[in-house]
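I have placed the structure first, in the form of structure tokens, so that the comments after it can refer back to it.
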Amino acid sequence: MSAELALLGPILAAMLAAATPLLFAALGELVVEKSGVLNLGVEGMMLVGAVCGFAVAVQTGSSTLGFVAGAAAGAGMAALFGVLTLLLLANQVATGLALTLFGVGLSALIGQGFVGIPIADVPELYIPGLTDLPVIGKALFGQDALVYLALAAVPAVHWFLYATRKGLILRAVGENHAAAHALGYKVVRIRFLAVLFGGAMSGMAGAYLSLDYTPMWAEGISAGRGWIALALVVFATWKPGRVLLGAWLFGGVTIAQLHVQGLGIDIPSQLLSMLPYLATVIVLVVISRDVARIRLNAPASLGKVFHPDA
Amino acid sequence: MTLLRLEPRGEASRAMVYATPLLAVALTLASGFLLFWAMGFDPVKALHAFFIAPLMSLRGLGELAVKATPLVLCAIGLAIGFRANVWNIGAEGQLTLGAIAGGGLALAFYGEGGWWLLPLMIVAGMAGGALWAAIPAFLRVRFNASEILTSLMLNYVALHLLNYLMHGPYRDPDGFAFPESRLFEADAVLPLLVAGTRVHLGSLFALLAVAAGWFLMARTFIGFQIKVIGLTPTAAGYAGFNQKKIIWLTLLLSGALAGLAGLGEVAGPIGQMNPTISPGYGYTAIIVAFLGRLHPVGILLAGFLMALSFIGGEAAQIALGLPKAITGVFQGMLLFFLLATDVLIRYRVRFGAKQVVGRAAA
């Protein structure tokens with residue numbers, strides 16, 4: 001086996017891991033947006049999920065409880081957003097920004113006692129035979145459970161949205177909330193549930209970062225991944241399958257940047273660190289330039305305030 | 001659900017427009033009281049250290065103006081954009097680029113400056129910020145890409161660019177390995193306005209920006225177009241207003257002001273280039289813009305309040321050992337409460353079940 005091929009396995013494995021938080025957060029936000037709500041607070045929910053997950057895992061010694069706590073914390077933040085935008089009819093863009101700003105501060109406050117504390121890595125899967133396969137074994141059969149959970153969430157979300165009655169109703173609410181309301185569907189309740197789901201997924205994404213990917217707590221650990229997840233939803237034109245594609249693409253860019261640094265190619269590391277953000281801008285441009293496609297796929301009520309009397 | 005009900009007012013309440021920011025501040029203070037108490041601090045002492053003690057000296061008041069300066073400069077520009085539904089959240093990056101461009105000149109002409117250097121730096125700072133904002137403007141107008149996401153992504157790019165420069169070209173040649181530049185020479189530093197404080201010429205620029213922002217929005221046709229586009233884009237389309245022009249204008253303007261803010265920091269209180277120019281002024285300015293009701297005079301007041309949250313956070317950290325992160329929590333809470341209470345502007349809260357009466361649609 002050549003040296004390049006031997007490198008491919010770890011790169012593939014690292015790419016899948018790097019794609020996992022994006023996958024969680026973007027799938028959650030996709031469901032939220034499908035219900036007609038734009039929650040720009042993904043970054044904030046992710047950070048609070050990361051710090052709460054980490055804190056609980058350190059206190060209890062259980063990473064499973066950590067993930068649950070991360071999801072719960074993300075959902076709690078999302079509930080705040082839901083109360084403001086759905087019950088008090090606040091502007092969704094402004095409230096989402098507020099959620100992120102609040103989350104950055106809150107996570108730093110909660111996490112101040114947890115900086116620099118080491119935590120045991122989450123054990124990876126081992127299937128005798130399969131995990132030992134050359135090149136792809138470790139990447140496909142040697143990851144930890146969260147990676148597979150994120151992958152499984154892709155068909156699950158797709159199935160829910162396009163093959164169940166509840167998914168159909170959720171999409172109807174997102175396309176035309178007035179018509180859905182007239183048909184007797186509880187617009188606010190459905191949206192609130194979608195927002196909670198999105199928050200839990202963002203919280204999981206954060207907990208994956210602090211418990212597994214890094215694994216440690218540092219202020220601003222998500223480093224803009226919440227915003228990249230938001231861009232991924234647009235990139236995917238609100239289709240779950242394409243979120244997977246986008247997440248892998250970004251996982252690839254993140255890893256490529258690290259490996260270029262590792263190979264000693266003479267580009268300053270700070271400039272390489274720009275790559276994921278620049279890539280986000282570029283794919284956003286490529287997708288958005290097709291105005292008709294965006295208009296066709298974006299939920300028609302996205303970001304609009306709903307009040308039954310108005 | 002029928003216990004509490006929102007009933008549309010026929011017309012937005014003017015009184016509530018002014019009352020809700022005060023209500024939000026009061027609710028934030030009340031929550032702060034509870035938060036400090038829950039964290040095991042004496043809440044009265046903590047709130048005093050946070051919000052009152054810093055204002056008890058001339059130096060403290062000066063620091064308030066120093067911190068309010070970049071916030072007001074950024075927020076004036078952002079608010080004009082927000083009015084037109086142009087969501088520039090890249091003020092942090094534009095501020096950084098202003099510092100990079102203006103500060104770069106100070107370093108390039110180190111030892112060979114003159115009276116012309118400072119004006120040139122100011123122009124360069126504004127141009128740097130405007131150029132950085134021109135990227136999301138171009139991508140939005142030409143390719144329909146969301147300026148929210150592109151401007152935000154560019155914040156991270158700007159930060160990495162600054163980091164690169166501080167570890168490379170901008171680093172002090174005699175400063176060993178520290179990522180800091182030389183101290184700017186006297187002809188590259190903004191003059192102080194008040195003896196005994198650090199209040200610099202930038203504060204005057206901020207006041208000018210407040211006046212100019214008010215004039216633009218209240219007295220010019222462009223300001224009128226901005227407001228119409230923000231309120232009813234379709235009407236603006238029928239009236240033949242050029243939306244693309246407004247996107248360009250609002251982004252370039254807010255970028256230039258943010259760039260000026262960044263230049264004001266490095267040529268003002270900091271006096272050199274370093275990797276941590278801003279403690280998040282560009283993000284806090286978003287809160288300032290909303291808290292100030294997107295109105296220049298309101299922004300001036302809100303800028304001082306938010307500046308207080310920065311210096312109060314530092315003072316409370318020193319006096320009581322409160323964690324610095326509490327500043328961000330306060331800022332986020334304030335915006336939450338403001339957005340929550342804003343419902344009172346257009347709706348009345350009613351208790352009990354709905355009464356069937358005829359009324360005009362809101």
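Would a scan of region B:299-315 turn up a residue that is part of a helix (DSSP H, G or I) and within 16 Å of A:Q112 (Cβ to Cβ)? Looking through region B:299-315, at least one residue is part of a helix (DSSP H, G or I) and within 16 Å of A:Q112 (Cβ to Cβ). Being over 23 Å from B:G268 (Cα atoms) and polar (S, T, N, Q) is the requirement here; does B:N155 meet it? Criteria not met by B:N155.
Table: residues versus (1) without any contact (Cβ under 8 Å) to a residue 40 or more places away in the chain; (2) within 14 Å of chain A (Cβ to nearest Cβ).
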position	(1), (2)
B:G230	no, yes
B:G240	yes, no
B:L253	no, no
B:A261	no, no
B:Y283	no, yes
B:I286	no, yes
B:I326	no, yes
B:M333	no, yes
B:T341	no, yes
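Only one of the numbered conditions (1) free of Cβ contacts under 8 Å to residues at least 40 places away in the same chain; (2) assigned to a helix (DSSP H, G or I) is violated by B:G62, and that is (1). Scanning region A:48-71 for residues being in contact with a helix residue (DSSP H, G or I) (Cβ under 6 Å, 6 or more places away or on another chain) and of a type in the set (S, T, Y) gives a total of 1.
For region A:92-114, filtering for residues that are more than 7 Å from every other protein chain (Cβ to nearest Cβ) and more than 23 Å from B:M39 (Cα to Cα) leaves 2. Among the residues of region B:180-194, those identified as surrounded by fewer than 19 Cβ atoms within 10 Å (Cβ to Cβ) and within 27 Å of the chain's Cα centre (by Cα) are B:E180, B:L183, B:P191, B:L192, B:L193, B:V194.
Within region A:223-256, being assigned to a loop (DSSP other than H, G, I, E, B) and not aromatic (F, W, Y) holds for A:A223, A:G224, A:A236, A:T237, A:K239. Residues being in contact with a helix residue (DSSP H, G or I) (Cβ under 7 Å, 6 or more places away or on another chain), surrounded by fewer than 18 Cβ atoms within 10 Å (Cβ to Cβ), part of a helix (DSSP H, G or I) and at pLDDT below 85 are entirely absent from region B:25-32. Residues that are acidic (D, E) and surrounded by fewer than 24 Cβ atoms within 10 Å (Cβ to Cβ) are absent from region A:37-51 altogether. If you scan region A:266-289, which residues turn out to be in contact with a helix residue (DSSP H, G or I) (Cβ under 9 Å, 6 or more places away or on another chain) and more than 7 Å from chain B (Cβ to nearest Cβ)? Listed by number, the residues that qualify are A:I267, A:S269, A:L272, A:L275, A:P276, A:A279, A:V283, A:V286, A:I287.
Scanning region B:75-116 for residues that are among the small types (G, A, S), free of Cβ contacts under 8 Å to residues at least 12 places away in the same chain and outside any helix (DSSP H, G or I) yields no hits at all. Against the test of being over 21 Å from B:A256 (Cβ atoms) and either away from every other protein chain (no Cβ under 14 Å) or surrounded by fewer than 23 Cβ atoms within 10 Å (Cβ to Cβ) (or both), the options B:M121, B:M126, B:M166 yield a single qualifying residue, B:M166. For region B:260-287, a tally of residues being in contact with a Phe, Trp or Tyr (Cβ under 6 Å, 6 or more places away or on another chain) and on the phi > 0 side of the Ramachandran plot returns 1. Would you check if B:V72 is out of contact with any Pro (no Cβ under 6 Å at 6 or more places or on another chain) and hydrophobic (A, V, I, L, M, F, W, C)? For B:V72, the condition - out of contact with any Pro (no Cβ under 6 Å at 6 or more places or on another chain) and hydrophobic (A, V, I, L, M, F, W, C) - is met. Looking across region A:179-209, just one residue is outside any helix (DSSP H, G or I) and either of a type in the set (K, R) or surrounded by 24 or more Cβ atoms within 10 Å (Cβ to Cβ) (or both), and that is A:K186. Which condition from (1) in a helix (DSSP H, G or I); (2) over 15 Å from the mean Cα position of the chain (by Cα) is the one that A:T280 breaks? The single condition A:T280 does not satisfy is (2). Restricting attention to region B:293-308 and to residues that are buried (at least 24 other Cβ atoms within 10 Å of the Cβ) and either under 30 Å from B:N163 (Cα atoms) or of a type in the set (G, A, S) (or both), the residue that is nearest to the chain's Cα centre (by Cα) turns out to be B:G303.
Scanning region A:85-104 for residues that are crowded, with 18+ Cβ neighbours inside 10 Å and farther than 24 Å from B:E147 by Cα turns up A:L86, A:L88. Every condition in (1) assigned to a helix (DSSP H, G or I); (2) surrounded by 14 or more Cβ atoms within 10 Å (Cβ to Cβ); (3) at pLDDT below 90 is met by B:T197 except one, and the failing one is (1). In the set (1) surrounded by 24 or more Cβ atoms within 10 Å (Cβ to Cβ); (2) over 15 Å from B:S203 (Cβ atoms), the condition left unmet by B:H48 is number (1).
Take the conditions crowded, with 24+ Cβ neighbours inside 10 Å and either within 11 Å of another protein chain (Cβ to nearest Cβ) or of a type in the set (F, W, Y) (or both) and apply them to A:M77. Does it pass? It is true that A:M77 is crowded, with 24+ Cβ neighbours inside 10 Å and either within 11 Å of another protein chain (Cβ to nearest Cβ) or of a type in the set (F, W, Y) (or both).
Evaluation of B:I270 against the conditions (1) free of Cβ contacts under 8 Å to residues at least 60 places away in the same chain; (2) under 25 Å from B:F33 (Cα atoms) shows that the sole unmet condition is (2). Selection within region A:210-225: residues that are buried (at least 24 other Cβ atoms within 10 Å of the Cβ) and touching a Ser or Thr at 6+ places or on another chain (Cβ under 7 Å). The member of this set that is farthest from the other protein chains (Cβ to nearest Cβ) is A:L211. Within the set B:N155, B:N144, the sole residue that is within 23 Å of A:L284 (Cβ to Cβ), at the interface with another protein chain (Cβ under 9 Å from one of its Cβ atoms) and crowded, with 19+ Cβ neighbours inside 10 Å turns out to be B:N155.
Here B:L139 does not qualify as farther than 16 Å from B:A256 by Cα, in a helix (DSSP H, G or I), at pLDDT below 95 and at the interface with another protein chain (Cβ under 7 Å from one of its Cβ atoms).
The values are calculated or read from the model by the stated rules, or taken from the named source; none is laboratory data. The structure presented is a predicted model; accordingly, all values stated were derived computationally and were not measured. Quick reminder, even Gly has a Cβ in these numbers, built from the backbone with ideal geometry, and neighbours come from all protein chains shown.
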